[in-house]
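Everything on this sheet refers to the single structure shown next.
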Amino acid sequence: MKVIVTGGAGFIGSKLVKHLSGSNEVVVLDNLHSGSINNLQGTKARFVHMDAKAEVIEDDLSSAHHAHVPQIEQWGLESHAGR
Ligand SMILES: NC(=O)c1ccc[n+]([C@@H]2O[C@H](COP(=O)([O-])OP(=O)(O)OC[C@H]3O[C@@H](n4cnc5c(N)ncnc54)[C@H](O)[C@@H]3O)[C@@H](O)[C@H]2O)c1
């Protein structure tokens, strides 16, 4: 299955990517505001450096629909816990 994970280079997102990437085609959309590409080491996920703001995601959802992407995980949100 193809899965898009926004914020996939972050704390929670990268753990989800590691979990999913073994048996799925995973694409990570992340602007690296607080995440790190190092968090994706050891995964086969494709990384796309981009700002996944709501309006962009709406477009992506539309194109993802046409590309038959059944699952989109959104973890690309600001986190203030502990910062
Ligand atoms: N960590 C926790 O214990 C916890 C618990 C409950 C809820 N949450 C929530 O889950 C979400 C993720 O938490 P986290 O700890 O993984 O945070 P994180 O900061 O480690 O990860 C967020 C990721 O999103 C990316 N990002 C932020 N804005 C983006 C944008 N506009 N476009 C693309 N990428 C963007 C960052 O670069 C980062 O990689 C947050 O909303 C947080 O409040 C976290």
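The values are calculated or read from the model by the stated rules, or taken from the named source; none is laboratory data. Bear in mind the structure is a predicted one, so any value in this text is a computation, not a measurement. Neighbour counts are summed over all protein chains in view; Cβ atoms, including those assigned to glycine, are modelled from backbone coordinates with ideal geometry.
Brief remarks follow.
- Criterion violated by Ser79 - all others in (1) modelled with pLDDT of 90 or more; (2) near the ligand (Cβ under 8 Å from one of its atoms) satisfied: (1)
- Subset of the stretch 5-37 [over 15 Å from Glu73 (Cα atoms) and either more than 14 Å from the ligand (Cβ to nearest atom) or out of contact with any helix residue (DSSP H, G or I) (no Cβ under 9 Å at 6 or more places or on another chain) (or both)]: Gly22, Ser23, Asn31, Leu32, His33, Ile37
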